[in-house]
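Heads up, the thing below is written out as structure tokens.
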Amino acid sequence: DAGITQSPRHKVTETGTPVTLRCHQTENHRYMYWYRQDPGHGLRLIHYSYGVKDTDKGEVSDGYSVSRSKTEDFLLTLESATSSQTSVYFCASAQGMNTEAFFGQGTRLTVV
Amino acid sequence: AQSVAQPEDQVNVAEGNPLTVKCTYSVSGNPYLFWYVQYPNRGLQFLLKYITGDNLVKGSYGFEAEFNKSQTSFHLKKPSALVSDSALYFCAVRDIDSWGKLQFGAGTQVVVTP
């Protein structure tokens, strides 16, 4: 399996605070993704990256920002956390357009 | 714009019977298509993919999928389901004309009963 790790694995935060989730991959993959998983909604794409400093929005990007300053790291920031952002967040990476993505184990975020 | 739909929230099948999980997609260019499986409290595991060539692709654990361009479908199949196949299944699409955007369906819960 590809080496992709997410940190933290669990986090509880208060409404209005900023939160940063980290995704780290050791496979030199070009593409990286952030998804959120909620019951009944499946996996929804938040942001993705197609290279260092190259990112684009997904279908649920409001309230989230990302940065990719190095190939191996893709950061997801919730500028001001809200209860609606309570979710399980998954990071993934892929080498090329025609290759499968490999997923991290997920981060369970609770906003109280 | 690209999208993917899984019309069934849940599929119930008896062990030993054939299993089908449906997926349809929409892309502006040509698609790359993927199936993943998720077991409880786990990440997603890759099952198989269609890139080009033969419309019938075979993957892990005895699963296969058929690409149908005219119907824009990529249904997942298994000839004989096992209780251990009970899990959440996701279809995903990447448009060849996109910048690597990978979009998932809402998922289909498969329940295999003994």
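The values are calculated or read from the model by the stated rules, or taken from the named source; none is laboratory data. Since the structure is predicted, the reported quantities are computational estimates derived from the model, not experimental observations. Using ideal geometry, Cβ is built from the backbone for each residue, glycine included, and neighbour counts are taken over all protein chains shown. Accessible surface is based on the protein model in full, side chains and every heavy atom, while ligands, DNA and RNA are left aside. Shrake-Rupley method; radii C 1.70, N 1.55, O 1.52, S 1.80 Å.
Inside the stretch B:90-101, can you point out the residues that are touching a residue at least 60 places away in the same chain (Cβ under 8 Å) and either assigned to a loop (DSSP other than H, G, I, E, B) or of a type outside the set (Val, Ile, Thr) (or both)? First the steps, then the outcome.
In the first step, residues of the stretch B:90-101 are kept if they are touching a residue at least 60 places away in the same chain (Cβ under 8 Å); the result is B:90-98, B:101.
B:90, B:91, B:92, B:94, B:95, B:96, B:97, B:98, B:101, listed by residue number.
Filtering the stretch B:36-73 to residues that are touching a residue at least 24 places away in the same chain (Cβ under 8 Å), hydroxyl-bearing (Ser, Thr, Tyr) and farther than 22 Å from residue B:26 by Cβ leaves B:39, B:61. Among the residues of the stretch A:36-85, what is the count of those that are part of a strand (DSSP E or B), open to solvent by less than 60 Å² (accessible area, probe 1.4 Å) and either under 13 Å from residue B:101 (Cα atoms) or within 9 Å of chain B (Cβ to nearest Cβ) (or both)? Number satisfying all stated conditions: 12.
Inside the stretch B:62-83, residues that are open to solvent by 40 Å² or more (accessible area, probe 1.4 Å), under 14 Å from residue B:18 (Cα atoms) and either out of contact with any Lys or Arg (no Cβ under 8 Å at 6 or more places or on another chain) or not in a strand (DSSP E or B) (or both) make up a count of 6. When residue B:95 is tested against (1) modelled with pLDDT under 95; (2) open to solvent by 20 Å² or more (accessible area, probe 1.4 Å); (3) within 14 Å of chain A (Cβ to nearest Cβ), exactly one condition is not met: (2). Of all residues in the stretch B:11-46, how many are within 9 Å of chain A (Cβ to nearest Cβ) and among the aliphatic types (A, V, I, L, M)? The total comes to 1.
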